[in-house]
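What follows is one structure encoded as structure tokens, with my remarks underneath.
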Amino acid sequence: MTEFPMGKCTCGAIYVCDATGHNVGSAMVECLVNACNDESDLAWELVPEEDYLTGRLEDYDDVTHQIIPKRNLDGRAVRGVLFFVRLHKDMAEIVTRFEQNKQQEATLAEQKAGGASLPEIEPARDPKRKKKRASKTLVHELAVQGDIQSLVDYCFDDKRTLRFMQRLLYEPDLNLRNKIIWNMGSVCARVATREPGQVADLLHRLFEACSDSASTSWGMVEAIGAIIACRPDVYGAFTRHLYNFLHDPATLAGVIWGLGEIARSRPDLVRKTPFYSLLGLLNHDDAEVRGQMVRLLGRIQAKEAAFQILPLQQDTTTICIFEQGEPVEYTLADLATIALENIHKGEV
């Protein structure tokens, strides 16, 4: 989910490719931040030459992977730029320690939350088996019935199965749509034990659908949240990209719901995002948004928001939140009480 193609050289340098040559500044920023393992605050503190070296190659063709001095190949314009960043040894060691600390924090957070219930690796399928073919009607029936085992089998046999499931997100019945969303997350969790790329492709399609102004985003954001929540160990890095859809009223509640589901088992993934920008939503006009926010902040034990949550203990507005596909009614007062209990858990 980066804007530019990116990779790492055997010498340790990170490189990005700007195929157009018009967005080199953005490519440089993305390259430097990636070299710092996405620690953007650290990246802005680094000084060129003192902390890292840079390199740049012009007239790069990203199709043939060659330098084309004439800037034209078989009638096709070549304007690509390759940009390199390599940290000095001492700075690379600091970044490595940052990454180790993040992994330790993630492990502690997972243990504190009781650990995520990760599926066992799916047994290898017999390559000589007669493969099943999926259809829209069949996938719809299995998804509605919650037949996860059959759907997983079809995913391994027919790559179209997850595409068919994606189409089911346009289901007009809200209860049924949310059931399908969670079933999709459960299916993806098991498929990812053998073929994580198939699920990653689905996530990319969902993000693209949410970003397309010409299409409706029904259930798309929620499906992304459910998939990440079911396999945060594999797809947790996608969490921060949910923030891109906070400014659309149609997807606002879905984003917060998805973050809340991820926070159920991996609150550290949400705490690593700029969640402070969400605190103002506790005063949102929509009761559902306020309730989803309280639920999220409680799950990540956001002590910073405790005083802002307190007044909501007097709010008796009732909302419906889907917990793993099942509708559950809460009052905002109930959610505020639960959140504050989580926030102050373990305090003497």
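Pull out all pairs, ordered by first then second residue, where Cβ-Cβ is under 6 Å, the residues are six or more apart or on different chains, the first lies in segment 291-302 and is farther than 10 Å from P267 by Cβ, and the second is not in a helix (DSSP H, G or I). If the second residue must be not in a helix (DSSP H, G or I), the pairs left are G291/I319. Entry remark, segment 1-25: residues being free of Cβ contacts under 8 Å to residues at least 24 places away in the same chain and open to solvent by less than 60 Å² (accessible area, probe 1.4 Å) number 2 in total.
Report, by residue number, each residue of segment 292-316 that is over 23 Å from F275 (Cβ atoms) and β-branched (V, I, T). Of everything in segment 292-316, just one residue is over 23 Å from F275 (Cβ atoms) and β-branched (V, I, T), namely T316. Taking the conditions (1) outside any helix (DSSP H, G or I); (2) more than 24 Å from E171 (Cα to Cα); (3) not aliphatic (A, V, I, L, M) in turn, S213 satisfies each one other than (2).
The helices (runs of 4 or more DSSP H) found entirely in segment 229-348 include none that carry 3 or more residues being in contact with a Cys (Cβ under 7 Å, 6 or more places away or on another chain) and at pLDDT below 95. Restricted to strands (runs of 3 or more DSSP E) entirely inside segment 1-108, those with at least 1 residues that are of a type in the set (G, A, S) are 6-8, 52-61, 80-87.
Figure legend. Inter-residue proximity from segment 131-150: first residues closer than 17 Å to D173 by Cα, second residues surrounded by 13 or more Cβ atoms within 10 Å (Cβ to Cβ) and of a type in the set (G, A, S), beta-carbon distance below 8 Å, spacing 6+ or different chains. Indicated pairs: L142/S150. Residue count for segment 309-330, restricted to those that are buried (at least 16 other Cβ atoms within 10 Å of the Cβ) and more than 17 Å from G260 (Cβ to Cβ): 2. Give me a count of the residues in segment 133-147 that are assigned to a helix (DSSP H, G or I) and surrounded by 18 or more Cβ atoms within 10 Å (Cβ to Cβ). Total meeting the criteria: 3.
For K159, the criteria (1) assigned to a helix (DSSP H, G or I); (2) among the basic types (K, R); (3) more than 29 Å from P249 (Cβ to Cβ) hold in every case but one, which is (1).
The values are calculated or read from the model by the stated rules, or taken from the named source; none is laboratory data. Owing to the predicted nature of the structure, the values given are computational and were not obtained by experimental measurement. Counting neighbours? That spans all protein chains shown, and the Cβs are built from the backbone with ideal geometry, glycine included. Only protein heavy atoms, including side chains, enter the accessible area calculation; ligands, DNA and RNA are left aside. Shrake-Rupley method; radii C 1.70, N 1.55, O 1.52, S 1.80 Å.
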